[in-house]
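Participant: This is the structure I have questions about; it appears just below.
The values are calculated or read from the model by the stated rules, or taken from the named source; none is laboratory data. The structure presented is a predicted model; accordingly, all values stated were derived computationally and were not measured. Using ideal geometry, Cβ is built from the backbone for each residue, glycine included, and neighbour counts are taken over all protein chains shown.
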There are 2 protein chains.
Amino acid sequence: MKIFCPKDDLHHAVQTVQKAVATKTPLPILTGIYLSAQDDQLQLQATDYEVGISCTIKASVEEPGAIVLSGRYLQEMVRRLPGDTIEISSSQEDRTIKITSQNSQFNLLSLPAEEFPVLKPVSGDNSFTVKDEVLRDLIKKTVFASATDEARPIFTGGLIEIDNDEIRMVATNTHRLALKKAKLGGGSGNAKMIIPAKILNELARLLSAEEPHEVSLSWQKNQVGIVFDDVYINSRLIEGQFPDYNKVIPAAFATKVQLNTDHFLDAVERVSLLARDGEYNVVKFFFKDGAVVISSNNPDVGKAREIVDAKTDGNEVEIAFNAKYVTDILKNIDSDELIFSLNTPLSPAGIKPVGDDNYTYIITPVRTG
Amino acid sequence: MKIFCPKDDLHHAVQTVQKAVATKTPLPILTGIYLSAQDDQLQLQATDYEVGISCTIKASVEEPGAIVLSGRYLQEMVRRLPGDTIEISSSQEDRTIKITSQNSQFNLLSLPAEEFPVLKPVSGDNSFTVKDEVLRDLIKKTVFASATDEARPIFTGGLIEIDNDEIRMVATNTHRLALKKAKLGGGSGNAKMIIPAKILNELARLLSAEEPHEVSLSWQKNQVGIVFDDVYINSRLIEGQFPDYNKVIPAAFATKVQLNTDHFLDAVERVSLLARDGEYNVVKFFFKDGAVVISSNNPDVGKAREIVDAKTDGNEVEIAFNAKYVTDILKNIDSDELIFSLNTPLSPAGIKPVGDDNYTYIITPVRTG
């Protein structure tokens, strides 16, 4: 193999596939990045068998071929190389790869390219297309609500549902649930799949390109393939039945409270300073006429109390929540004002932006003594 | 106690004393910040018995008094409080301290103020004064060379020497040594003391105020008191005899090589990418006519090689160093060009900015096979 390519493009490609490079693995080949060159293109691939990512860039290919380099060293090296153009060439004899740029020269030992598990694109008729900004927003506003505990795998993913021209994403850890809906804007279809949360978060990061792109998702059995721009991602799907989230969303609320999002977030964060050492990070909310009183009590440190103006419609409610479950959603609400909806101190409450019926967040209260 | 003070001033004071708050201590009182109010002033103090820091700000004192609050909570709380003015008041009955700002109210349990080891200012005739920017530069350019290993305490500090109107700071870990000289600019005197490196680093951080200040240092026995602006720092001195650093500095060098500081730094950092996993992070330097060739070899990963243009005066030298000891000094050289001075492959070398005889860095080579 012998190629020349722009340093910035190579850096972009290494950064893109980096998250799929395995760090803790008994298989050394998975710690590498696979580079294959042909037809004026250089493709990089990495996989940890859970997710595989490839990125294809333009290159001047003098001699096609495939090599595997240590992912860790390649990233650090490419980032620091001088000059605009990088030359990569392999020597069959001593199994080393020469990487040259201006007065810099690295000779890296190659991992055995024939051992690398090259990505097999997901094929099949099941596919749909969505705008990158729509998908990124769906992920950002829901996936934080998923569980980190692997004990119940179904809750460590985000559910994607396609229902004609509507796309919905849902995540829950059973104590709180986030649901966001959007229009597909173009295609239509019917699908239901659960993608691991960490892969969705990585996808959202990669979707932050400056130019808008269409993202295409194809799936078969327990695999999904995601294509956009110069990137291909292959992820396993989480198997199992996602619970019926519609049953979790109360049909009606007796009390509705409108609050300024920033003021409310700041106040909850301050009050939770004293609460977060506790096992459940419990903060109490007293929704009364014209205001909400937020308070916490830590026997070892002291008490905190805040008052935030509110427009209250309905009965007074005194209720307690895990403060983190409240602040998490407040950080994801873009509108100035929000609606906090309640029934009783022991029934689930809802938080949503004012005037937005496409974003729903349900939170279970904490029972206090 | 009952006082009102500007939030930003209180935040500044808490930030200033924070580094002296003990985190791991069997004495709970040392995890607190002592606040004492009298004569329109609020003084904050913290100490871990190694270093004590106080900061005095203006306050409207309605009732003088002294309290001790948890350092950790006070910092987080003050940073997040709304409004411009904070009220702090104590209640004798229930030992709680009320902190109020706009609609926020915290009631914190007080630690017993009478148990706090209030700082005793260092008094005595031994003192000198230096400009903050001079002292900060002396610290920044030398203290990084000190040892982190506590086995030989003398090398975990920076030596300050006052010799008439000259101030010198020296630090070494026995493998490399940094010496920086400056004019006192005003006073004159005679002194020699070793201050712990971590306290010097904290001092440099606190000296980064926008307005220039005079810094006054007074010492007696094993204590030094440092005063500037609204801050007082009390530190222990490291006892023992600092070795005669003049013996370490070679009288003459046979080879002198002039290099571009940035190009040289970038090249050494790239080559050291492959070396730093090794026990000594060894990088080889071949200083030859017109260039220096920098190389490393890691049997598990590969080789790296760089060429940097140089003006060489004297014999060729092939020598090896711990790469970190080279890059550390290069990051502290402000001038575009530097002089690398050498004798033999096994004798100490020197690095200094071109045209600056007040900054000296000596580095011991590594013996290679």
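Participant: Give region A:72-89 a look and list any residue that's over 17 Å from B:GLU306 (Cβ atoms), within 12 Å of chain B (Cβ to nearest Cβ), touching a strand residue (DSSP E or B) at 6+ places or on another chain (Cβ under 9 Å) and not hydrophobic (A, V, I, L, M, F, W, C), or say none.
Facilitator: A:GLN75, the sole residue that qualifies.
Participant: Only one of these is free of Cβ contacts under 8 Å to residues at least 40 places away in the same chain and either outside the structural domain of A:MET169 (by TED's automatic domain parsing) or of a type in the set (Ser, Thr, Tyr) (or both): A:SER296, A:SER347, A:SER341. Name it.
Facilitator: A:SER296
Participant: Also, I was wondering about something else. Kindly indicate whether any position in region A:232-243 is away from chain B (no Cβ under 14 Å), in contact (Cβ under 8 Å) with a residue 24 or more places away in the chain and β-branched (Val, Ile, Thr).
Facilitator: Yes, that holds for at least one residue.
Participant: For region A:259-278, give me the residue count where each residue is away from every other protein chain (no Cβ under 11 Å), surrounded by fewer than 20 Cβ atoms within 10 Å (Cβ to Cβ) and modelled with pLDDT under 95.
Facilitator: 1
Participant: Please specify each residue of region B:99-144 satisfying the condition of being of a type in the set (Lys, Arg), at pLDDT 95 or above and over 17 Å from the mean Cα position of the chain (by Cα).
Facilitator: none
Participant: Hey, can you tell me all the residues within region B:323-351 that are outside any loop (DSSP other than H, G, I, E, B) and in contact with a helix residue (DSSP H, G or I) (Cβ under 9 Å, 6 or more places away or on another chain)?
Facilitator: Once the filter is applied, which keeps residues that are outside any loop (DSSP other than H, G, I, E, B) and in contact with a helix residue (DSSP H, G or I) (Cβ under 9 Å, 6 or more places away or on another chain), region B:323-351 yields B:ALA323, B:LYS324, B:TYR325, B:VAL326, B:THR327, B:ASP328, B:ILE329, B:LEU330, B:GLU337, B:LEU338, B:PHE340, B:ILE351.
Participant: Let me ask another. Report, by residue number, each residue of region B:347-369 that is surrounded by fewer than 17 Cβ atoms within 10 Å (Cβ to Cβ) and more than 26 Å from the chain's Cα centre (by Cα).
Facilitator: Once the filter is applied, which keeps residues that are surrounded by fewer than 17 Cβ atoms within 10 Å (Cβ to Cβ) and more than 26 Å from the chain's Cα centre (by Cα), region B:347-369 yields B:SER347, B:ARG367, B:THR368, B:GLY369.
Participant: Additional query: Within region A:72-94, which residues are at pLDDT 95 or above and either of a type in the set (Gly, Ala, Ser) or outside the structural domain of A:THR31 (by TED's automatic domain parsing) (or both)?
Facilitator: A:SER89
Participant: Hey, could you check region B:212-258 for residues that are exposed (fewer than 14 other Cβ atoms within 10 Å of the Cβ) and of a type in the set (D, E, K, R) and say which is nearest to B:GLU202 (Cα to Cα)?
Facilitator: It comes out as B:GLU239.
Participant: Within region B:81-92, is even one residue of a type in the set (A, V, I, L, M) and assigned to a helix (DSSP H, G or I)?
Facilitator: No, region B:81-92 has no match at all.
Participant: While we're looking at this one, here's another question. Looking at (1) within 18 Å of B:THR368 (Cβ to Cβ); (2) in a loop (DSSP other than H, G, I, E, B); (3) touching a Leu at 6+ places or on another chain (Cβ under 7 Å); (4) among the hydrophobic types (A, V, I, L, M, F, W, C), which one does B:PHE253 not meet, given that it meets all the others?
Facilitator: So the condition that B:PHE253 fails would be (1).
Participant: Could you check region B:90-116 and list, in sequence order, the residues that are exposed (fewer than 14 other Cβ atoms within 10 Å of the Cβ), away from every other protein chain (no Cβ under 13 Å) and either of a type outside the set (D, E, K, R) or farther than 26 Å from B:VAL51 by Cβ (or both)?
Facilitator: B:GLN92, B:GLU93, B:PRO112
Participant: Here is a further query. Go through (1) free of Cβ contacts under 8 Å to residues at least 40 places away in the same chain; (2) of a type outside the set (D, E, K, R); (3) out of contact with any Gly (no Cβ under 8 Å at 6 or more places or on another chain) and name the single condition A:ALA46 misses.
Facilitator: So A:ALA46 meets the others, but not (3).
Participant: From the list B:ALA191, B:ALA204, B:ALA178, exactly one residue is at negative phi and crowded, with 19+ Cβ neighbours inside 10 Å. Which is it? Walk me through it before giving the result.
Facilitator: Working: B:ALA191 fails: crowded, with 19+ Cβ neighbours inside 10 Å; B:ALA204 fails: crowded, with 19+ Cβ neighbours inside 10 Å.
Step by step, each of B:ALA191, B:ALA204, B:ALA178 is checked, and only B:ALA178 is at negative phi and crowded, with 19+ Cβ neighbours inside 10 Å.
Participant: Filter region A:53-71 down to the residues that are of a type in the set (A, V, I, L, M) and touching a Gly at 6+ places or on another chain (Cβ under 8 Å), then identify the one that is nearest to the other protein chains (Cβ to nearest Cβ).
Facilitator: The residue in question is A:LEU69.
Participant: Does region B:140-163 include one or more residues that are among the aliphatic types (A, V, I, L, M), within 13 Å of chain A (Cβ to nearest Cβ) and either surrounded by 19 or more Cβ atoms within 10 Å (Cβ to Cβ) or assigned to a strand (DSSP E or B) (or both)?
Facilitator: Checking region B:140-163: not a single residue is among the aliphatic types (A, V, I, L, M), within 13 Å of chain A (Cβ to nearest Cβ) and either surrounded by 19 or more Cβ atoms within 10 Å (Cβ to Cβ) or assigned to a strand (DSSP E or B) (or both).
Participant: Output the number of the condition that B:THR25 fails; it satisfies all remaining conditions of (1) in contact (Cβ under 8 Å) with a residue 60 or more places away in the chain; (2) out of contact with any Lys or Arg (no Cβ under 7 Å at 6 or more places or on another chain); (3) surrounded by fewer than 18 Cβ atoms within 10 Å (Cβ to Cβ).
Facilitator: (1)
Participant: With the checklist (1) surrounded by fewer than 16 Cβ atoms within 10 Å (Cβ to Cβ); (2) within 14 Å of chain A (Cβ to nearest Cβ); (3) under 29 Å from B:ALA197 (Cβ atoms) in hand, flag the one item B:GLU50 doesn't pass.
Facilitator: Among (1) surrounded by fewer than 16 Cβ atoms within 10 Å (Cβ to Cβ); (2) within 14 Å of chain A (Cβ to nearest Cβ); (3) under 29 Å from B:ALA197 (Cβ atoms), the lone unmet condition for B:GLU50 is (2).
Participant: If a residue has to be under 11 Å from the mean Cα position of the chain (by Cα) and without any contact (Cβ under 8 Å) to a residue 24 or more places away in the chain to count, how many in region B:157-197 make the cut?
Facilitator: Number satisfying all stated conditions: 0.
Participant: Which numbered condition in (1) under 29 Å from A:SER208 (Cα atoms); (2) within 32 Å of the chain's Cα centre (by Cα); (3) outside any strand (DSSP E or B); (4) not aliphatic (A, V, I, L, M) is the only one that A:PRO26 fails?
Facilitator: For A:PRO26, the exception is condition (1).
Participant: Here are B:LEU10, B:LEU44, B:LEU27, B:LEU35: which of them is in contact with a Cys (Cβ under 7 Å, 6 or more places away or on another chain), more than 14 Å from chain A (Cβ to nearest Cβ) and not aromatic (Phe, Trp, Tyr)?
Facilitator: Numbers: B:LEU10 fails: in contact with a Cys (Cβ under 7 Å, 6 or more places away or on another chain); B:LEU27 fails: in contact with a Cys (Cβ under 7 Å, 6 or more places away or on another chain); B:LEU35 fails: in contact with a Cys (Cβ under 7 Å, 6 or more places away or on another chain).
The conditions single out B:LEU44.
Participant: When only residues in region B:279-315 that are surrounded by 18 or more Cβ atoms within 10 Å (Cβ to Cβ) and assigned to a loop (DSSP other than H, G, I, E, B) count, which is farthest from the other protein chains (Cβ to nearest Cβ)?
Facilitator: Once the filter is applied, the top-ranked residue is B:ASN281.
Participant: Considering only residues that are over 18 Å from A:LYS183 (Cα atoms) and not aliphatic (A, V, I, L, M), which ones fall in region A:354-365?
Facilitator: At the first step, the residues of region A:354-365 found to be over 18 Å from A:LYS183 (Cα atoms) are A:354, A:361-365.
Passing the criteria: A:TYR361, A:THR364, A:PRO365.
Participant: When residues of region A:316-346 are filtered for being within 14 Å of another protein chain (Cβ to nearest Cβ) and either of a type in the set (A, V, I, L, M, F, W, C) or crowded, with 21+ Cβ neighbours inside 10 Å (or both), how many remain?
Facilitator: Here the count works out to 1.
Participant: On the given criteria, is B:VAL68 outside any loop (DSSP other than H, G, I, E, B), surrounded by 15 or more Cβ atoms within 10 Å (Cβ to Cβ) and among the β-branched types (Val, Ile, Thr)?
Facilitator: Here the answer is yes, as B:VAL68 does meet what is asked.
Table: residues versus (1) over 26 Å from B:LYS352 (Cβ atoms); (2) touching a Ser or Thr at 6+ places or on another chain (Cβ under 9 Å); (3) at pLDDT 95 or above.
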{"position": "B:SER146", "(1), (2), (3)": "no, yes, yes"}
{"position": "B:ILE167", "(1), (2), (3)": "no, no, yes"}
{"position": "B:ALA171", "(1), (2), (3)": "no, yes, yes"}
{"position": "B:ALA182", "(1), (2), (3)": "no, no, yes"}
{"position": "B:ILE195", "(1), (2), (3)": "no, yes, yes"}
{"position": "B:LEU203", "(1), (2), (3)": "no, yes, yes"}
{"position": "B:HIS213", "(1), (2), (3)": "yes, no, no"}
{"position": "B:TRP219", "(1), (2), (3)": "yes, yes, no"}
{"position": "B:ASN222", "(1), (2), (3)": "yes, no, no"}
